[in-house]
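Each remark here refers to the structure printed beneath this line.
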Amino acid sequence: DAGVIQSPRHEVTEMGQEVTLRCKPISGHNSLFWYRQTMMRGLELLIYFNNNVPIDDSGMPEDRFSAKMPNASFSTLKIQPSEPRDSAVYFCASRVFQGMDGYTFGSGTRLTVV
Amino acid sequence: KNQVEQSPQSLIILEGKNCTLQCNYTVSPFSNLRWYKQDTGRGPVSLTIMTFSENTKSNGRYTATLDADTKQSSLHITASQLSDSASYICVVSAGTSYDKVIFGPGTSLSVIP
């Protein structure tokens, strides 16, 4: 199993540009999570999906952030327009819904907005 | 308010020494507690998971303890290795929904030769 796959690994963009982060969860995992990690705030849950349906997006900072999961094997997190304060590492994680196993995290996307 | 606190914030130890990381939580109702290891530039990886009835769980040189009465957990690392240098994150699940998790801020461990 290749694990949770995220792309790109690194993204540098100018303020105001649109950024799209991608995630492929582990096959068979029906819960998917997007997290943001910064030095100041640690890991923050942005949104999670169960069976491709967004369940809780209360962690999404503002309307500039949106996430989709069109099918069980793919999800995107989009920021439009991006701002320097969005610079962080964005992690995608997946697991079996209500399973006792922990999350499996991807390697993250390091986003820098200049 | 559901919260997870960890101490120390950072720690430097010599290779071969033991160390203990602490996690205190105010999460109710408690479901389970996990310790994750996060290497620099990588996503967190699960080390142990403990439910209410478990006091101790080991994973190689890592031993986690849980005291549900005092709402404290510890992660003990034995005979530390350079590869143990990482951030260790305590994560507590609340309620009956396994999706309600609270992350601690992490302890940054540096093992030096």
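The values are calculated or read from the model by the stated rules, or taken from the named source; none is laboratory data. Keep in mind that what you see is a predicted model, and the values were worked out from it rather than measured. In this analysis, Cβ positions are derived from the backbone assuming ideal geometry, glycine residues included, and neighbour counts consider all displayed protein chains. Accessible surface is based on the protein model in full, side chains and every heavy atom, while ligands, DNA and RNA are left aside. Shrake-Rupley method; radii C 1.70, N 1.55, O 1.52, S 1.80 Å.
Peptides A:90-97, B:21-28, A:70-77 ranked from most to least packed give A:90-97, B:21-28, A:70-77, packing being the mean of other C-beta atoms within 10 angstrom over each peptide's residues.
Need one value for B:42-53: mean number of C-beta atoms belonging to other chains within 10 Å of its residues' C-beta atoms.
Across the residues of B:42-53, the mean count of other-chain Cβ atoms within 10 Å is 4.
Ignoring lysines fewer than eight residues from B:Lys57 along the same chain, the ones with Cα atoms less than 28 angstrom from its Cα are B:Lys1, B:Lys17, B:Lys37, B:Lys71, B:Lys100. On a per residue basis, chain A carries 50 Å² of accessible surface, using protein heavy atoms and a 1.4 Å probe. Between A and B, buried accessible area from a 1.4 angstrom probe totals roughly 1500 Å², ignoring ligands, DNA and RNA. For A:Lys78, give me every one of the aspartates and glutamates with a C-alpha distance below 15 angstrom, ignoring sequence neighbours fewer than eight places off in its own chain. Hits, sequence-local ones excluded: A:Glu11, A:Glu14, A:Glu18, A:Asp57, A:Glu62, A:Asp63, A:Asp86.
Within the accessible area of the protein assembly as shown, the carbon and sulfur atoms contribute 50%, probe 1.4 Å, all protein chains present. Here the spin labels are modelled as points 7 Å beyond Cα on the Cα-Cβ line, and at A:Glu62 and B:Ala68 they lie 4.3 nm apart. Of A:Lys68, B:Lys57, the order by accessible heavy-atom surface (1.4 Å probe, DNA, RNA and ligands excluded), from most exposed downward, is A:Lys68, B:Lys57.
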